[in-house]
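Here is the structure we will look at.
The values are calculated or read from the model by the stated rules, or taken from the named source; none is laboratory data. As the structure is a prediction and not an experimental result, all values here were calculated from the model. Ideal geometry is used to build each Cβ from the backbone, glycine not excepted, and the neighbour counts take in all protein chains shown.
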Amino acid sequence: MWGFTDHGKIRVSNFPQDADSKCKAFWGLSLRKPRGFCGSSHPAYVQDAGLSPSSEINKTMTTKTYQAKPGQVEQKWWLVDGEDQIVGRLASDIAVRLMGKHRPTYTPHVDTGDFVIVVNAEKVKFTGSKWEQKRYTWYTGYTRQRSESAEERLEAHPDQILREAVRRMLPKNKLATKMLEKLKIFVGPEHNHQAQNPEKLEGLGQVRQKKRK
């Protein structure tokens, strides 16, 4: 146990349980709780802090980590316009919404994310010359690996550009499959989820600059 004086702290050991006032008068110490110290049941600590006995101290000083359960967190529907949005920046913000990392109730092993609807997916943009240089590869089981450029994929499957970017930003497990199912991508300005009343989400894909003091 540590006793604190005006000149520093002194190591004090083997205090009897009834040595509250006697120890203070003899040593001239102010027995208070050190920073980061929890677990003392000495009466001097209780009296100086103005708290109840040690059992009550442990109740007031311990906090349990919140763990969400499946179906406990309400999942919202968001509407995002992909026109003139950078693919990588937009995909990273969408992945955060799908995982649920934007709320304090985030739990890694539970799907706490929201639903995201993206319209005008064919109007997303790449920076530089990625439309010609970026290539997507896959293997079908036959000889030779298949590949195509981002421009070729945009012509054939415009929704796959953003979907693949989001998929690679999600965790590599079975839970990511459920998260990706909550992403609804549409070509054009219309979608078929009016019954869910999605809220329009602004500010995704924007460059965030830190304010200088």
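Observations
- Residues being under 16 Å from residue 181 (Cα atoms) and in contact with a strand residue (DSSP E or B) (Cβ under 8 Å, 6 or more places away or on another chain) - total across segment 81-118: 8
- Scanning segment 82-95 for residues that are outside any loop (DSSP other than H, G, I, E, B) and surrounded by fewer than 18 Cβ atoms within 10 Å (Cβ to Cβ) yields a count of 4.
- Of the residues examined, residue 153 is not one that is touching a strand residue (DSSP E or B) at 6+ places or on another chain (Cβ under 9 Å) and surrounded by fewer than 16 Cβ atoms within 10 Å (Cβ to Cβ).
- Flag if residue 159 is in contact (Cβ under 8 Å) with a residue 60 or more places away in the chain and in contact with a strand residue (DSSP E or B) (Cβ under 9 Å, 6 or more places away or on another chain): no
- Here residue 144 fulfils each of the conditions (1) surrounded by 15 or more Cβ atoms within 10 Å (Cβ to Cβ); (2) on the phi > 0 side of the Ramachandran plot apart from (1).
- If you check 69, 123, 64, 130 for being basic (Lys, Arg), farther than 22 Å from residue 184 by Cα and over 25 Å from the mean Cα position of the chain (by Cα), only one passes: 130.
- Looking only at segment 106-131, and only at residues there that are within 16 Å of residue 76 (Cα to Cα) and aromatic (Phe, Trp, Tyr), the one that is surrounded by the fewest Cβ atoms within 10 Å (Cβ to Cβ): 106
- For the criterion of being among the acidic types (Asp, Glu) and in contact with a Pro (Cβ under 9 Å, 6 or more places away or on another chain), residue 111 passes.
- Counting the residues of segment 106-134 that are hydroxyl-bearing (Ser, Thr, Tyr) and more than 24 Å from residue 71 (Cα to Cα) gives 2.
- Residue that is more than 21 Å from residue 106 (Cα to Cα) and at pLDDT 95 or above, where the choices are 208, 212, 163: 163
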